[in-house]
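Everything on this sheet refers to the single structure shown next.
Rule-based calculations on the coordinates, nothing more; no lab input. These figures come from a predicted structure and were not determined experimentally. Cβ placement follows ideal geometry from the backbone for every residue including glycine, while neighbour counts extend to all protein chains displayed.
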Amino acid sequence: MTPKRLSCNSVLCHLRWGVRAVASALRAFRQRRPLRGGSLLVTLFGDAVAPHGGSLALGSLIALAAPFGLTERLVRTSASRLTHDGWFHTRRIGRISVYRLTPVGKARSADAALRIYEPPPELPHRTWTMVLMPAGLTIRDTPARELQWLGFGRMSPEVFVHPTCTPREVTGHLQLLGLSAGAVVVQAALQSRADEQQLVQASWNLADFSERYERLLRTFGPIDEALAQGQALSPADSFVVRTLLVHEYRRIVLRDPRLPTALLPDDWAGGRAYTLCQSLYARVFAASETHLHSVVSDATGSAGAWHALDASALGRFGGVLPQELLEREVVAATAPHATPRRRSRGTQPRAPRSPEGSAGSRPMGACAPRSSRRATRDR
C-alpha cells in the first residue's frame, strides 16, 4: 500500500514514509513560540561552522537557517544579540558582513562539543563535588541557573552536587562570571553505591530526562532506520536532519549530568539516544557537508573566511564517519574558497551569555567526562 503524500511546506515533506517523523519535528520546531533563533545559530556555528574555522558570512548564515523557519530579520537580530553577548565578532570585507566565534565563543563551543559528541562515562566516581550557596537562593537566580547548566543536581535549595565536575572547574566558572561570592565548594567521598544512588534520586529528575530522550528516539529513529534500508536524502535535507538532530540532542544533554552507567536505570534512554545520534550523524554527515560547501562557497568563501574541515570533526560520536569523507575533504582543502587556518588574535571578550537564557560561559573542558578532558588536552 502506497503511503499518503504529506501536505506541508517543510523542506523534508517529499521524503518517503520512513522519514515523516523528521518532517513533523521540523514543522514543530518552526511553530515554536518564541522561536529561539540565537539557540539555533549557536548549534549551527558549533556543529557546522566551528570545524571550518568558525567564520561565516551573514548571507550564508541566513541561507542555512532559512529551512528552520528563521527569517532574515530574525537571523540578523539573533546574530546581533550574540555579538553583544560575546559569542560573535563581526567584520566587514567589502560589502560582506562576516561573523566569527570569539575566543570565548570557541572555548564554549569546544566544551559543549565534548558533552555532545563524547560517550557517557562508564565507571562510577565515588568522589563528588558539592557547592554550598548562600541561603535564600531561588531557581531563577543566576548562580542556580549556571550550576544546573553545568549539569549540577540540586539536592536542596542551597546545595548542588556533581559526580565528575571538579572543585577547580566549578570555582573557575563561578569566578569567571563574578558569581563566586558566598559559594563554598567542597569534595565529598561517598561510602557506598547506595549512598550515590540516594544522592542521585534526591538531586535529579531522571524521569524527565528519560522522557525527553525517548521523544528524540521516537522522532529520529524512523529516519535512521529508513536510511539503513537504503533510502537516500539530498544534501540539503541531510543538512537539515544533521542540524536538527544535534540541536535537539544538545538541548537535553547539556543539562544532563552524564551520570556513570552504574548509577542509571537499566536500559537508560540517554544511552540509546547517544547510539542513535552516532548512527544517524554518520549517515548524513558527508552529504550535509556537500550542502554546506555549496552554500558558503560564494559569500563566505570569497571573503577568505572558510577553511577545510578540521580532522577532529571526523572523530565525533566515536569516530564513525566514513573514510571517503576524509578523502573528499583533502580535495576540498585545495578549493579556491578553502583557506589555511590562522591563529586568531585580539583581545579577550567578556564571557558570553547563553542563548538558552543563562548568562555566562564555561572554560574549555569544564565538567565534561574526565576521559573527555584528557582528549581536549591531546587535540
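Each of the peptides 106-113, 309-316 was scored by the mean count of other Cβ atoms within 10 Å over its residues; in descending order, highest first, they stand as 106-113, 309-316. If you plug the beta carbon distance of Ser312 and Ala194 into 1/(1 + (r/R0)^6) with R0 = 56 Å, you get a FRET efficiency near 0.90.
For the range 78-132, the fraction of C-alpha pairs farther apart than 19 angstrom is 55 percent.
Residues Asp266, Asp195, Asp47, Asp85, arranged from fewest to most other Cβ atoms within 10 angstrom of their Cβ, appear as Asp266, Asp195, Asp85, Asp47.
For the range 47-113, a Kirkwood radius taken over Cα pairs fed into Stokes-Einstein (4 °C, viscosity 1.567 mPa s) yields D = 105 µm²/s.
Summarising the label geometry, the points placed 7 Å from Cα in the beta-carbon direction at Arg27 and Ala207 lie 3.1 nm from one another. With a cut-off of 13 Å on the backbone N, the residues of the range 165-191 near the modelled label site 7 Å out from Leu132 along Cα-Cβ are 182-188. Neighbour counts of other Cβ atoms within 10 Å put Ile116, Ile93 in the fewest-to-most order Ile93, Ile116.
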